[in-house]
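Single-structure report; data block below.
The values are calculated or read from the model by the stated rules, or taken from the named source; none is laboratory data. On a predicted model such as this, the values are computed, not experimentally measured, just so you know. Cβ sites come from the backbone with ideal geometry, for glycine too, and all protein chains shown count toward neighbours. Accessible surface is based on the protein model in full, side chains and every heavy atom, while ligands, DNA and RNA are left aside. Shrake-Rupley method; radii C 1.70, N 1.55, O 1.52, S 1.80 Å.
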Amino acid sequence: MKLQEFKKLCSLYTREEEFSSDIANHISLLNVGDFEDAETESNVGTRKADIVATGNDGVLVVENQFGKADWDHWGRLEAYARLKEANVAVLIAEEFEELMIVTCNLRNEDSNIDWYLVQAQANKHDEFSFHQIARPAIDVQTERKNVEYSEFWGPIRREGLFAGKPVPIRDEGWIGKGIKGISLLLQLHNHACSVLLSFQGENRLERRDTIMELFPKEEFEYELRESPKFVNIVFTVMDKGKKDKEHWPMIREKLTKLGAEIYDRIKESDI
């Protein structure tokens with residue numbers, strides 16, 4: 001069995017600030033909530049947090065470092081998260097000691113903030129992956145916040161490509177997955193559903209145009225949308241959605257089938 005080899009982050013970036021910028025441009029890949037407006041080197045009193053983002057899930061604070069996580073960065077994250085009144089706090093590093101993992105889990109038992117330790121790795125092709133080493137337990141979140149979860153997304157989250165944690169009803173409109181720096185969302189509207197590819201960053205138009213070559217118009221029905229920070233490709237699935245409960249099995253099947261096909265085409269491409 002050949003084990004995958006990983007590069008040290010310091011071999012890919014001159015400074016940690018450069019790594020922060022890349023994370024901010026692909027914040028959805030952390031899979032810690034729905035956040036969009038990510039700011040690097042964000043002022044917190046006389047100090048600066050690596051990343052502060054806002055979105056439908058409130059405020060996210062991120063600290064990241066090369067190598068093994070140290071207690072200085074953990075302390076900064078705690079301070080910044082409380083001063084920013086964060087809903088989610090994330091420490092990113094290449095490895096973590098056991099005591100820090102235990103500490104993070106204890107924080108999640110007695111805090112209104114959701115705490116994560118996320119391991120960042122880069123393979124020999126400079127492709128990144130993020131793994132949650134410590135995270136809030138679902139039952140703890142439910143008890144603390146009285147969260148109700150979506151009935152529609154339940155079967156999809158239990159197995160397959162889009163498996164993951166239960167979807168709170170407040171976030172019932174979509175679930176997401178990252179692929180090669182692109183956000184892929186399965187979207188559920190009242191009487192429609194769709195698959196969205198979202199691009200951000202300075203070269204978002206060029207990246208979108210390159211991806212579009214994988215999806216010829218004679219095979220896929222889609223429309224293009226643009227905003228000051230994002231460019232999107234929206235693939236139509238069907239004119240049934242959340243309010244059409246009798247059609248949910250068919251909606252789930254068609255939505256996940258198209259989402260998986262789009263995901264696989266991007267994954268298998270040389271882009």
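The C-beta contact set for the range 201-228 (first residue surrounded by 12 or more Cβ atoms within 10 Å (Cβ to Cβ), second residue of a type in the set (Gly, Ala, Ser) and modelled with pLDDT under 95, distance under 6 angstrom, 6+ apart or interchain) comprises LEU214/SER269.
Taken over the range 249-271, residues that are touching a residue at least 60 places away in the same chain (Cβ under 8 Å) and open to solvent by 40 Å² or more (accessible area, probe 1.4 Å) amount to 4. Residue check: ASN108 meets all listed conditions (1) open to solvent by 50 Å² or more (accessible area, probe 1.4 Å); (2) in a helix (DSSP H, G or I); (3) in contact (Cβ under 8 Å) with a residue 24 or more places away in the chain but one, namely (1).
Checked against (1) open to solvent by 50 Å² or more (accessible area, probe 1.4 Å); (2) modelled with pLDDT under 90; (3) within 17 Å of GLN200 (Cβ to Cβ), ILE27 meets all criteria but (1). The requirement of being without any contact (Cβ under 8 Å) to a residue 40 or more places away in the chain and either exposed (fewer than 15 other Cβ atoms within 10 Å of the Cβ) or of a type outside the set (Ser, Thr, Tyr) (or both) is satisfied by GLU246.
Of all residues in the range 84-104, those that are in contact (Cβ under 8 Å) with a residue 12 or more places away in the chain and of a type in the set (Val, Ile, Thr) have Cβ atoms under 7 Å from Cβ atoms of residues that are open to solvent by 30 Å² or more (accessible area, probe 1.4 Å) and part of a strand (DSSP E or B), 6 or more apart or on another chain, in ILE101/ILE133. Taking the condition part of a loop (DSSP other than H, G, I, E, B), open to solvent by less than 70 Å² (accessible area, probe 1.4 Å), over 20 Å from PRO136 (Cα atoms) and of a type in the set (A, V, I, L, M, F, W, C), does PHE66 pass? Here the answer is yes, as PHE66 does meet what is asked.
Taking the numbered list (1) in contact with a helix residue (DSSP H, G or I) (Cβ under 9 Å, 6 or more places away or on another chain); (2) polar (S, T, N, Q); (3) touching a residue at least 60 places away in the same chain (Cβ under 8 Å); (4) open to solvent by less than 80 Å² (accessible area, probe 1.4 Å) in turn, ASN56 passes all entries but (4). Taken over the range 31-51, residues that are touching a strand residue (DSSP E or B) at 6+ places or on another chain (Cβ under 6 Å) and within 21 Å of GLN119 (Cβ to Cβ) amount to 8. Of all the listed residues (ARG15, ARG47), the sole one being without any contact (Cβ under 8 Å) to a residue 12 or more places away in the chain and over 22 Å from SER183 (Cβ atoms) is ARG15. Under the condition of being open to solvent by 50 Å² or more (accessible area, probe 1.4 Å) and in a strand (DSSP E or B), the residues counted in the range 157-185 number 2. Residues considered: ILE179, ILE233, ILE156, ILE169. Of these, the only one that is without any contact (Cβ under 8 Å) to a residue 24 or more places away in the chain, β-branched (Val, Ile, Thr) and in contact with a Phe, Trp or Tyr (Cβ under 8 Å, 6 or more places away or on another chain) is ILE169.
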